[in-house]
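Read the structure below first, then the notes.
What follows draws every value from the coordinates through simple rules; no lab data is involved. Every value quoted in this text rests on a predicted model; they were computed, and no experiment measured them. A quick note on method: Cβ atoms are made from the backbone with ideal geometry, for glycine too, and the neighbour counts reach across all protein chains shown.
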Amino acid sequence: MRARLSVLALLSACNGVLGLEERTFDLCTQYCDAIQNSCVQANAQYQDDATCRATCALFEAGDADDPTGNTIACRFDQLKKAEEAGTLDEICPAAGPGGFNRSSLQVCGNRCETYCSLMKSTCDGKSPVADLDDESCRSLCGDVRDNPAYDPTNSDVKDHDDSIQCRLWHLSVASTAPDPHCSHADGATKCDGNLSSSSATTSSASSSASTGGGVGGGGGGS
């Protein structure tokens, strides 16, 4: 009898775990299908579907009825609103990992909290930044500039723009390929400012035109 009860308890626990995995998988599938279809070209937030799903799994799911905070629910809600309003150019970045829009307004979570959390979970032991304590990492992140015009379709900008956008792009890629992208995401071998003269001029002008202030600003809920 005890053996039967133990088996039943184990099966119940397994079903609970499987149910959680199915819900998480379903949410990330929906979110990634939507953002990969809507946020494309210069608005792209992830390199590919695998990168999106791996990054999505690192965030809290959140509550679809209260889509706030540093969650996928918040990002998905922003994406749906942007699709309805036709404001993808402005909102796609808020639906991506950073959670802040093209005007640098923080909408979902806090960009430096997100950056440091993802560095810790993705690049532990593969980057000196990932080994920093939270306060030191956020301080470092706060000194990195914001470039609202970051364009992943421009390979020079994608790889060498010294911005939080570049670091978050490579950090999301690191979710499936930690080597070498962890060292890219911490600015050691990419996101280093070594742009061609034409890209550097465009990037500098775009950054100067930003209305959102430094990377550490626009706090938003966590």
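Under the simplified labelling scheme, the T153-D33 pair shows an inter-label distance of 2.5 nm, with each label point 7 Å from Cα along Cα→Cβ.
D133 to A42: extension gain in nm, 0.36 nm per residue of separation minus the Cα-Cα distance?
Details: separation 91, 0.36 × 91 = 32.76 nm, distance 3.32 nm.
Result for the pair: 29.4 nm of gain on full extension.
Using 0.36 nm per residue of separation minus the Cα-Cα distance, give me the extension gain between D143 and A57 in nm, one decimal. Let's see the in-between values first.
Working: separation 86, 0.36 × 86 = 30.96 nm, distance 2.76 nm.
Stretched out fully, the D143 to A57 stretch lengthens by 28.2 nm.
Summing Lys and Arg as +1 and Asp and Glu as -1 over all other residues whose Cβ lies under 13 Å from the Cβ of G187 gives a net charge of -3.
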